[in-house]
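Colleague: Next up is a structure, given as structure tokens.
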């Protein structure tokens, strides 16, 4: 049996370089037997132990939002959360102190979630999949993305153009598991990878702002990459 040796670098916090043995025969459904691009490598057929696609995220806020940049990481203990379901089904979180008679009574939570009033309690349901990635992309070019830091004009122009292009691709994805859907998701991942590198080289933008923007770009890129697994 012919074997390929691939060095897969996962660019994420706490990630490590893993050498995987990829086999050309007996592939798992949907895996890539002849990987040639970074996205192909992430989806290459391999006989290594599979990664849990629903890892525990103890520091994720109960409304689905991320901890503020630079803040202390505190494990969250949500008051009432439904049983974890497959990734295509959103998980609702009951806000512990918010009572209501209608959805309009509920406070605004994470921007990438919907709010509802159920049995007199406010419930936040985060977006998932392409909808979540598209919403997170909007945060990259939202006013005040870098707080008090100023993004230089050249980088601002690039961000608006590239984020617009990526969201345009995602707007055409009705089924991310279809051939056309996967192709467009892969294109968006590649585009965001390049955009992250461009941000890192923007020396006229403060380093703290570049770090923030890189995190905002990495978030939807990770969501999209998970859809390709």
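Colleague: Tell me which residues, restricted to region 160-188, are surrounded by 17 or more Cβ atoms within 10 Å (Cβ to Cβ) and within 16 Å of residue 213 (Cα to Cα).
Modeller: 162, 163, 166
Colleague: Now for a different question. Would you check if residue 172 is in a helix (DSSP H, G or I) and at pLDDT 90 or above?
Modeller: Spelling it out, it is not the case that residue 172 is in a helix (DSSP H, G or I) and at pLDDT 90 or above.
Colleague: Looking for whichever is surrounded by fewer than 21 Cβ atoms within 10 Å (Cβ to Cβ), over 22 Å from residue 156 (Cβ atoms) and in contact with a helix residue (DSSP H, G or I) (Cβ under 7 Å, 6 or more places away or on another chain) here; the options are 224, 228. Which one fits?
Modeller: 228
Colleague: Applying the selection to region 122-144, what residues are in a loop (DSSP other than H, G, I, E, B) and within 16 Å of residue 164 (Cα to Cα)?
Modeller: The answer is 141, 142, 143.
The values are calculated or read from the model by the stated rules, or taken from the named source; none is laboratory data. These figures come from a predicted structure and were not determined experimentally. Every residue, glycine among them, receives a Cβ derived from its backbone with ideal geometry; neighbour counts consider all protein chains shown.
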